[in-house]
Every structure is written in structure tokens, then in C-alpha cells.
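Please see the structure below; I have some questions.
Quick note: the coordinates plus some simple rules give every number you see, no bench work behind them. Owing to the predicted nature of the structure, the values given are computational and were not obtained by experimental measurement. FYI the Cβ positions are ideal-geometry reconstructions off the backbone, even for glycines, and counts take in every protein chain you see.
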């Protein structure tokens with residue numbers, strides 16, 4: 001679990017995750033025992049894939065926590081479980097902005113989970129097509145998220161949409177255009193605006209710069225930092241690129257084969273990596 005030290009400030013985490021696991025398959029004594037014997041993250045006997053294995057983490061108010069690892073390390077599966085896109089096999093997830101952290105969100109009703117998706121979490125996927133209606137206008141995409149949270153005031157939704165599009169540097173002259181007309185970087189910025197529409201206290205960002213040109217990546221990263229400064233939003237940022245994590249994250253987890261193999265302050269991870277895999281990641285930046 002990540003060290004709870006937070007710049008010398010004693011705070012309660014806004015998001016707390018304990019012992020989260022996600023398995024594809026029923027498992028067997030060989031892989032569910034006290035000492036699992038797997039080939040990477042797959043059981044050689046029953047074929048169960050252990051996508052996420054006993055992951056714990058905290059995110060504090062206004063903090064960015066990074067999760068880095070190669071493809072297949074379990075990063076995206078973890079995010080999907082937190083956003084209820086996939087059902088976690090086991091674990092405990094609590095969010096103080098929802099109910100003071102009183103209950104395990106994974107055990108809440110589907111109605112409560114929809115409310116959490118619409119008001120507590122804002123999700124930005126790697127592929128904008130997963131979070132945007134490409135044939136709707138950008139303003140309509142933002143309004144859709146607000147309607148899901150119970151907003152019915154058309155004027156307020158229009159004003160909020162324009163405010164957010166300006167915030168993410170989308171010209172208002174293009175507000176009525178559908179995202180399919182936009183570049184990949186602009187689509188991601190519309191998706192970020194949509195995620196912010198209901199003022200969520202926690203943003204989940206899953207590989208938001210993958211596939212973008214370097215100049216566009218830089219603009220998106222600058223936008224993320226600006227959002228943290230302006231809104232004091234907490235963020236969980238997933239990337240396979242330690243360079244992205246280095247720019248954004250206060251603290252970092254390194255995942256491999258579904259497990260957290262190293263965690264700590266990002267500067268600490270970069271300057272003195274302990275695990276051989278983390279060392280390989282860091283040295284690849286040099």
C-alpha cells in the first residue's frame with residue numbers, strides 16, 4: 001500500500017482501496033492458496049487470469065497518484081473495477097465524498113453505483129469513443145453527463161458546457177460540432193470537459209495521452225495540471241509511460257502481472273528504484 005505521508009499534512013484519503021482483486025476464471029487451489037503459483041498472472045492448471053491481485057492504495061484531496069506498468073499489468077482492469085465497468089472479484093473501496101467513506105462501494109446497489117459514476121468519479125478513457133457520442137455535439141455530450149446526474153435546467157447545462165469547453169481550449173464556435181470532426185487531442189479535451197461536468201472530486205484517467213502526437217500529449221498534460229490547480233480535484237492516473245507519471249504524479253504505484261511491486265513518492269521511485277522492473281522503466285527514460 002502507498003505510504004500515507006502527504007506533504008506533512010494529516011488528512012483522510014478521499015479514495016481508499018483495500019485488497020482489490022479481479023479474476024477471470026473460477027480459480028483453483030493451485031492459484032487461490034496462500035502462495036499462488038502463477039505463470040505471469042495466469043494459473044497454469046486452471047487457466048484463471050488474475051488481472052488484479054490484492055491491490056491497495058489511497059488518494060488524498062488534491063493529489064495525483066500515478067499507476068505505471070506495461071500492457072497487461074492490470075492497470076486498466078483496476079480502473080474498470082473502480083468505475084464499475086467490471087465487477088471486482090473482491091476488495092473494499094470507499095469514497096469520502098459519497099458517504100463519508102462509510103460503506104464499501106463495491107457492495108452498493110447498481111443505482112448507488114450509477115450515482116457514484118455520475119457525481120463522485122469522472123472517467124477519461126484511453127479511447128475517446130468509449131466516453132463520447134461521436135455524432136452528438138460537444139455541448140450535448142456534456143449535457144448528457146449532467147442529465148444523468150439529475151440536472152434538467154437546459155440553460156444551466158448550456159452555460160456549464162460552454163464554460164468547460166472554454167476551460168479545455170475548445171473554441172465555442174465549434175461547440176455545436178460532433179467530436180467525430182475533431183482531432184484525437186481535441187476529442188480527449190471534450191472528454192475531460194464531460195468528465196468535469198458535475199464537479200466530481202475524483203478523476204480517473206486511463207492512458208489519456210496514448211496515441212497522441214508529442215505536442216498534443218504536452219497540451220493534454222498541461223490541461224490536467226491546470227485542472228488540478230483550479231479545481232483541487234484528486235486524480236488517479238494510469239499510464240505505461242513513466243515520463244507521463246513523472247510530469248503529473250505526486251506518488252506512484254508500479255504494477256506488474258496484476259500486483260503492485262513498488263510504491264512511494266514519485267521522485268523517490270525515479271531516483272532510487274528498488275525493483276528490477278522499476279529500474280528497467282526508469283533507465284529507459286535516460
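Looking at the range 187-260 from every direction and averaging, what is the projected area of its Cα convex hull in nm²?
Values: hull surface 21.2 nm².
So the mean shadow area of the Cα hull is 5.3 nm².
Quick one: length gained pulling residue 35 to residue 87 fully straight, 0.36 nm per residue minus the C-alpha distance?
16.3 nm
Spin-label point model (7 Å from Cα, Cβ direction): what's the residue 231 to residue 261 distance in nm?
With each label placed 7 Å out from Cα toward Cβ, I get 3.4 nm.
When only Cα pairs under 8 Å and 6 or more residues apart are kept, what is the percent relative contact order across the range 133-280? It would help to have the intermediate numbers written out before the result.
Details: 160 pairs, mean separation 25.9, N = 148.
This gives 17 percent for the range 133-280.
Another question, then. Quick one: if the Förster radius is 51 Å, what FRET efficiency do residue 144 and residue 274 give, using the C-beta to C-beta distance and rounding to 0.05? Show your work: numbers first, answer last.
Working: r = 45 Å, r/R0 = 0.88.
The formula returns an efficiency of 0.70 here.
By its C-alpha gyration tensor, with a ≥ b ≥ c as the square roots of the eigenvalues, how is the range 95-219 shaped: rounded for a/c under 1.5, else prolate for a/b larger than b/c, else oblate? Before the final figure, lay out the partial values.
Details: a/c = 2.19, a/b = 1.42, b/c = 1.54.
Cα axes put the range 95-219 in the oblate bin.
With bins 10 Å wide starting at 0, give me the P(r) of the chain over every alpha carbon pair, in whole percents.
6, 28, 34, 23, 8, 1, 0
If you don't mind, another one. Roughly speaking, what is the stretch gain from residue 24 to residue 158, that is 0.36 nm per residue apart minus the C-alpha to C-alpha distance, in nm to one decimal?
Stretched fully, the residue 24-residue 158 segment lengthens by 44.0 nm.
What order do you get for 191, 160 when you list them from fewest to most C-beta neighbours inside 10 Å? Don't jump to the answer; show the numbers that get you there.
Details: 191 26, 160 22.
Ordered by Cβ neighbours within 10 Å, fewest first: 160, 191.
Considering Cα pairs under 8 angstrom that are at least six residues apart, work out the relative contact order of the range 132-199 and quote it in whole percent. Each step should come with its number before you reach the end.
Details: 78 pairs, mean separation 31.8, N = 68.
Relative contact order of the range 132-199: 47 percent.
Roughly what % antiparallel, to the nearest 5, for the DSSP beta bridges in the chain? Can you show the working numbers first?
Values: 20 of 38 bridges.
Just about 55 percent of them are antiparallel.
What relative contact order, as a whole-number percentage, does the chain give when Cα pairs under 8 Å and 6 or more residues apart are counted? Provide the component values of the computation, followed by the final result.
On the way: 523 pairs, mean separation 71.3, N = 286.
Worked out over the chain, it gives 25 percent.
Something else about it: I need the Kirkwood Rh of the range 132-199: take the reciprocal of the average 1/r across all distinct C-alpha pairs and report it in angstrom. Don't jump to the answer; show the numbers that get you there.
Values: mean 1/r = 0.0875 Å⁻¹.
By the Kirkwood definition, the hydrodynamic radius is 11.4 Å.
Sort the following peptides by mean Cβ neighbour count (other Cβ atoms within 10 Å, averaged over residues), highest first: 108-118, 30-40, 76-86, 263-273. If you can, show how the numbers build up before the last one.
Numbers: 108-118: 14.7, 30-40: 12.0, 76-86: 21.7, 263-273: 16.8.
Top to bottom by mean Cβ count within 10 Å: 76-86, 263-273, 108-118, 30-40.
Evaluate E = 1/(1 + (r/R0)^6) for residue 103 and residue 54, where r is the Cβ-Cβ distance and R0 equals 30 Å; express this FRET efficiency to the nearest 0.05.
Working: r = 21 Å, r/R0 = 0.70.
My answer for the efficiency is 0.90.
Add -39500 (n - 2.57) for each DSSP H run of 4 or more in the chain, then divide by its residues: what number comes out at 222 nm, to the nearest 500 deg cm²/dmol? Before the final figure, lay out each step's value.
Values: 11 runs with 104 residues, N = 286.
It comes out at -10500 deg cm²/dmol, rounded to the nearest 500.
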